[in-house]
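*Asks:* Pasting a structure here, questions to come.
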Amino acid sequence: MSAPALRAAVAAVAVAFAAPFAYLAVRNAAEPGELWAAVSSARALEAVGRSLLLGTCVAAAAAFVGSACAWAVVRTDVPGRRLWRVLLPLPLVIPSFIGAFALIAAFARGGLLDRLIGVHGLPVSGFDGAFLVLTALTYPYVYLPVEARLRRLPRSLEEASRLLGRRGAATFRLIVLPQLRGAILAGTLLVFLYTISDFGAVQLLRFDTLTRSIYANRLLDQPLSLALSLVLGLIALVVVAGERAFRGRAHVESTRGAEPLVVELGKLRWAVAALLSLPVLIGLVAPTAALTYWAVRGRGLDLADLIGPAVSTAAVSVAAALVSLVVVLPVAYLTVRHRSRVGELANAVVVAGFALPGLAVALALVYWTIDAPQPLASAYQTLPLLVFAYVVHFGAQGLRTAQVAVAGIPASLEEAARGLGAGRRRRWLRVELPLATPALLAGAGLVLLSTMKELPVTLLLAPAGFETLATKVWVATEDAFFAEASAAALLLIALSALLTWLLVLRMEAAP
Amino acid sequence: MTRQVTLRVLILGVFAGVLSTGCGGDRDALTIYSGRSENLIGPLLEQFAEETDIAIDVRYGDSTDLALLLAEEGERTPADVFLSQSPGTVGFLAERDLLAPLGEETLEAVPSQFESADGLWVGVSARRRVLVYNSDDVSPDELPRSVFELTAAEYRGRVGVAPSNASFQDFVSVMRQAEGDERTAAWLRGLAENDAQIYANNNAIVEAVSRGEIPFGLVNHYYNERFLDEDPDLPSRNHVFPDGDVGSIPLVTTVSVLAGSGRSEEARRFVEFLLTPEAQRFYSEETFEYPLAPGVEPAARLEPLAEDVELGYDIERLGAELESTARLIADSGLEE
């Protein structure tokens, strides 16, 4: 795409992604006094402080856990690498309200583990509980892009470093880490935004963040709730701009086909495997075990009821993932290859949109479509609008990983291809796209998994009668039909594992 | 390679199938926004559709979120009927003139204390406020006779409440009407000072009580009945405060017709159907809620509501009082 065409495309994307922010601005403009009163009250400021504290701590912990796991899986001979590659991303698919509820039931005093072996040690309330649960559910945001990056890291630099006499640790710090920086930052930012926008976990674990005030007041004091939502959006915009400045322009290179250098762990192999199992145990096995217990305990489950929702879930999630990729790719190109205001603006609204409460995104799209001229108005509560809403809400996850992918395409190859007379289209299809594929797929995988568990947008914007597994889980939980909820949740996890393997891992592995 | 192609064709096929079914629901169908979950209304919807040949589109969701959706949609809403889990959300819509009055005949099916005075909504079923307790830790003769006893020293740190939950807020609104603002405020402060434990919702409280984390919790009766249905060995039990104590008043779930409905005739037929003895029996036979139509008894394991139960409060005002109730709760220190 030529630069002006690229700019025009990106401008269109920016306008679409600005819809929720514009809605919050319009609704708050009606009562500007409320906005000021909300942001200046001590109560709101304390809640903002708690959100930022939780977001920062969870982001830091997830950055460490996600990067360490990715390194162990790609660069060591830890046993069971193929299995870890499927299991490690999966906690991402567990909705936080399910994860929190199951972890309380599993680990709290008198919980399943306590009854089974008399152990209850994990914190399951307040800051500690929220920190633990959200870290265990979000580290895959870092794991996936870092793993993709590690697999495309050229071994030549490291080999040179070692030949020059640097030890493993120094090589890692000086050569590997700078090459991973972009991917780690990308994932960490997503974890931060996820955490400050989470409601399910903080509500059940009793930690009073900004989102709790937004939800608690949404009916009682709607202007306050809208003001606080705007505050959350503004915080996200500031953080995204900050990260953009901090990201820097480290030179990264991608290669493909080469097997990554593998560190032989020797006797430590099983110790590392044990460490890898920790996040999987807390983020996946414990919730799954609790769900299985409830599902088995219940009687008369009708699994046939879940087939339709499972197919719908897979279809809308794949659609959202693919559309996200197509939509964010121009933004990734513009922001990585050119300096452009439009690009910066698009980057900010796309990424910050992830931090808005799903309810605000849904209501914004109601606001913009219900009174709109045709044919937009007739899109109301149809699947195209639903997929659009998912893309607006989760596009950030595709964009940040796409930026990492585009940044990893070496300029030298592009020049070589040009020298050989390849046209723009051909260069892109034959040279750039294949190199960027793993990271792009990782991004699509993130959108896919998030969409599969999405709730508020689906409940309000899906066509009437359109059910996903997540809505099935939620509707059943709400009225304490735990066996039913658990069966649907388990199917959701299994389906996510299957789709992750089919669409991401298998294709990534293809030469 | 061929396997990959087959897979892709399969995925595309599924896509096309789902997309074609999902583009625009049946525009002629009666559209229901239901804050009541499928388990508590689905079979009735099917029965109605079958008996009347009226097609139904239903959107399940949280009553509060659906109320916000209806407010955002305004006149253009595709919805005809709103089913709510609590009167509070209905009050929010009534204030915005989004509800249409129901006919006299409809309202007569239910005792008048279970409907709004201007006929904007009518009760379908009821849930009762109770004290859920752990029968391993507490013997039945130790149980309090009034909700007001829970501020005493012996309950310090032992009672769970969900102050941000709609059912607790509705309950506090009722208490204000029955006992006055002063006594209610004092009770809420007493709970806060007595180190009442805060939970997210009814489910979380019953789960904590059944696990032995706390011995008591203030909830709607319905949830523990469901927990026991899933696992009869749980030690959690419901205690109804005796002698018409305000701690065990019933709260109703409601149905209303929207002002923007283009199918108000069908909508009214649906409301009438919900109140027939036949539909009401669903609540006594299949769920653990209280039916409201006269002559239909609740499930045998529930303590029946007193004959001609005197509510002692004006249900209508619950919605209007929601905001001041929330302020009262916040000022007590129970909720941030």
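*Asks:* Could you tell me the convex hull volume per residue, in Å³, taken over the Cα atoms of the range B:101-189? The partial results should precede the final answer.
*Replies:* Values: hull volume 12.6 nm³, N = 89.
Per-residue hull volume (Cα only) is 142 Å³.
*Asks:* If you bin the C-alpha pair distances of the range A:394-452 every 10 Å from 0, what whole percents do you get?
*Replies:* Computed distribution, short to long bins: 25, 42, 24, 9, 1.
*Asks:* Under a Cβ-only charge scheme (Lys and Arg +1, Asp and Glu -1), can you give me the dipole magnitude of the range A:31-281 about the Cα centre, in debye to the nearest 20?
*Replies:* Its charge dipole is roughly 1000 debye.
*Asks:* Residues of chain B: accessible area per residue at 1.4 Å, in Å²?
*Replies:* Heavy-atom SASA per residue in chain B reads 39 Å².
*Asks:* Run lengths n ≥ 4 of DSSP H only: what is the helix-derived mean residue ellipticity at 222 nm for chain B, with -39500 (n - 2.57) per run over all residues, to the nearest 500?
*Replies:* Only helices count here, giving -13500 deg cm²/dmol.
*Asks:* Can you give the average number of partner chain beta-carbon atoms within 10 Å of each beta-carbon in peptide B:94-107, as a whole number?
*Replies:* Mean partner-chain Cβ count within 10 Å for B:94-107: 0.
*Asks:* Hey, if you put +1 on the Cβ of every Lys and Arg and -1 on every Asp and Glu Cβ in chain B, which of B:Leu66, B:Tyr222, B:Ala166 ends up farthest toward the positive end of that dipole?
*Replies:* Positive-most Cα among the choices belongs to B:Leu66.
*Asks:* What's the carbon and sulfur percent of the protein assembly as shown's accessible surface, probe 1.4 angstrom, rounded to a whole number?
*Replies:* Accessible surface attributable to carbon and sulfur in the protein assembly as shown totals 59 percent.
*Asks:* Count charges around B:Asp195 for me, please; just the other residues with Cβ under 15 Å from its Cβ, Lys/Arg as +1, Asp/Glu as -1.
*Replies:* That works out to 0.
*Asks:* A further question follows. Highest mean first, what order results for A:396-406, A:327-337 on Cβ atoms within 10 Å? Mind dumping the intermediate values first?
*Replies:* On the way: A:396-406: 30.3, A:327-337: 24.0.
Ranking the peptides A:396-406, A:327-337 by packing returns A:396-406, A:327-337.
*Asks:* Here's something else I'd like to know. Please give the charge dipole size of the protein assembly as shown, origin at the Cα centre, charges +1 on K and R Cβ atoms and -1 on D and E Cβ atoms. Round to the nearest 20 debye.
*Replies:* Dipole magnitude for the protein assembly as shown comes out near 7200 debye.
*Asks:* What distance in nm separates the two pseudo spin-label positions at A:Gln222 and A:Leu234, each 7 Å out from Cα along the beta-carbon direction?
*Replies:* 2.2
*Asks:* Something else: By its C-alpha gyration tensor, with a ≥ b ≥ c as the square roots of the eigenvalues, how is chain B shaped: rounded for a/c under 1.5, else prolate for a/b larger than b/c, else oblate?
*Replies:* Here chain B falls in the prolate category.
*Asks:* Now, a different point. Compute log10 of I(q)/I(0) for the range A:87-184 with the Debye formula, placing one identical point scatterer on every Cα and leaving out solvent, at q = 0.11, 0.24 Å⁻¹, to two decimals.
*Replies:* -0.54, -1.16
*Asks:* What Kirkwood Rh does the range B:205-301 have if only Cα atoms enter the pairwise 1/r average? Answer in Å. Mind showing how you got there, number by number?
*Replies:* Values: mean 1/r = 0.0627 Å⁻¹.
Kirkwood radius, the range B:205-301: 15.9 Å.
*Asks:* Moving on to the next point. Report the Stokes-Einstein translational diffusion coefficient (µm² s⁻¹, integer) for the protein assembly as shown, Rh taken as the Kirkwood radius over Cα pairs, at 20 °C with viscosity 1.002 mPa s.
*Replies:* 76
*Asks:* For the interface of B with A, what's the total buried accessible surface in square angstrom, probe 1.4 angstrom, rounded to the nearest hundred?
*Replies:* Counting protein atoms only, the buried area is about 5700 Å².
*Asks:* Which one, A:Thr471, A:Leu441, A:Phe394, projects farthest toward the positive side of the charge dipole computed for the range A:363-503 from Cβ point charges (K/R +1, D/E -1)?
*Replies:* Value: A:Leu441.
*Asks:* Now for a separate question. Could you give me the ³J(HN,Hα) list for the range A:338-348, computed from phi with Karplus coefficients 6.51, -1.76, 1.60 and θ = phi - 60°, whole Hz, x at Gly and Pro?
*Replies:* So the J values, rounded to whole Hz, are 10, 8, 7, 5, 4, x, 4, 4, 4, 4, 5.
*Asks:* Please report, in debye to the nearest 20, how large the charge dipole of chain B is about its Cα centre when each Lys and Arg carries +1 at its beta carbon and each Asp and Glu carries -1 there.
*Replies:* Details: 26 positive and 61 negative charges, 222 e Å.
The dipole magnitude comes to about 1060 debye.
*Asks:* Taking every residue in A:448-457, how many Cβ atoms of other protein chains lie within 10 Å of its Cβ, on average?
*Replies:* Counting other chains' Cβ atoms within 10 Å and averaging over A:448-457 gives 1.
*Asks:* Per-residue HN-Hα couplings for the range B:108-118, Karplus 6.51 cos²θ - 1.76 cosθ + 1.60 at θ = phi - 60°, whole Hz, x for Gly and Pro?
*Replies:* Whole-Hz 3J(HN,Hα) from phi for the range B:108-118: 5, 5, 10, x, 5, 6, 9, 9, 7, 5, 8.
*Asks:* Under 1.5 on a/c is rounded, so check that first for the range A:457-499, then, if it is not, pick prolate when a/b is larger than b/c and oblate when it is not; a ≥ b ≥ c are the square roots of the alpha carbon gyration tensor eigenvalues.
*Replies:* Because a/c hits 1.5 or more and a/b fails to exceed b/c, the range A:457-499 counts as oblate.
*Asks:* OK, next. Just how far, in whole angstrom, is the range A:136-190 from the range B:248-300 if you go by their alpha carbon centroids?
*Replies:* 61
*Asks:* Specify the longest stretch of chain B that does not include any exposed loop site, a site being one of the trypsin sites (Lys or Arg not before Pro) with a non-H, G, I, E, B DSSP assignment and at most 13 other Cβ atoms within 10 Å.
*Replies:* Between the exposed loop sites, the longest stretch runs B:157-300.
*Asks:* Restricting everything to alpha-carbon atoms, can you work out Rg to Rh for the range B:91-132 with a Kirkwood hydrodynamic radius?
*Replies:* 1.07
*Asks:* Any idea what angle helix B:181-193 forms with the longest principal axis of chain B, computed on alpha-carbon atoms, 0 to 90 degrees, nearest 10?
*Replies:* With rounding to tens, the tilt is 80 degrees.
*Asks:* Above 24 angstrom, tally the Cα pairs of the range A:31-281 and express them as a % of all pairs, no decimals.
*Replies:* Beyond 24 Å sits 55 percent of the P(r) for the range A:31-281.
*Asks:* Next up: Could you tell me how many cubic angstrom of Cα convex hull volume the range A:386-511 has per residue? Mind showing how you got there, number by number?
*Replies:* Numbers: hull volume 14.4 nm³, N = 126.
Value for the range A:386-511: 114 Å³ per residue.
*Asks:* Which residues belonging to the range A:102-150 lose at least 40 Å² of 1.4 Å-probe accessible area when the assembly is complete, relative to their chain isolated?
*Replies:* By number: A:Arg109.
*Asks:* Quick one: compute the contact order of chain B, relative version, from alpha carbon pairs under 8 angstrom and 6+ residues apart, as a percent.
*Replies:* 26
*Asks:* What shape does the range A:10-139 take by its C-alpha gyration tensor, where a ≥ b ≥ c are the square roots of the eigenvalues and a/c under 1.5 counts as rounded, a/b above b/c as prolate, and the rest as oblate?
*Replies:* Since a/c reaches 1.5 but b/c is at least a/b, the shape of the range A:10-139 is classed as oblate.
*Asks:* Okay, moving on. Considering only A:Ala70, A:Gly129, A:Leu116, whose Cα is most displaced toward the positive end of the charge dipole of the range A:31-281, charges sitting on Cβ of Lys, Arg (+1) and Asp, Glu (-1)?
*Replies:* Of the candidates, A:Ala70 comes out farthest on the positive side.
*Asks:* On average, how much accessible surface per residue is there in the range A:31-281, in Å², for a 1.4 Å probe, leaving out ligands, DNA and RNA?
*Replies:* 41
*Asks:* Could you tell me what % of all Cα pairs in the range A:307-418 have separations over 19 Å?
*Replies:* Cα-Cα pairs in the range A:307-418 separated by more than 19 Å: 56 percent.
*Asks:* Provide a whole-number value for the mean count of partner chain Cβ atoms within 10 Å of the Cβ atoms in peptide B:205-214. Present the calculation step by step, with values, prior to reporting the outcome.
*Replies:* Working: counts 0, 1, 9, 5, 1, 2, 10, 6, 7, 0.
The mean count of partner-chain Cβ atoms within 10 Å per residue comes to 4.
The values are calculated or read from the model by the stated rules, or taken from the named source; none is laboratory data. Keep in mind that this is a model prediction, so the values were computed, not measured. No Cβ is skipped: glycine too gets one built from the backbone with ideal geometry, and neighbour counts run over all protein chains shown. Ligands, DNA and RNA are excluded from the accessible area calculation, which covers all protein heavy atoms including side chains. Shrake-Rupley method; radii C 1.70, N 1.55, O 1.52, S 1.80 Å.
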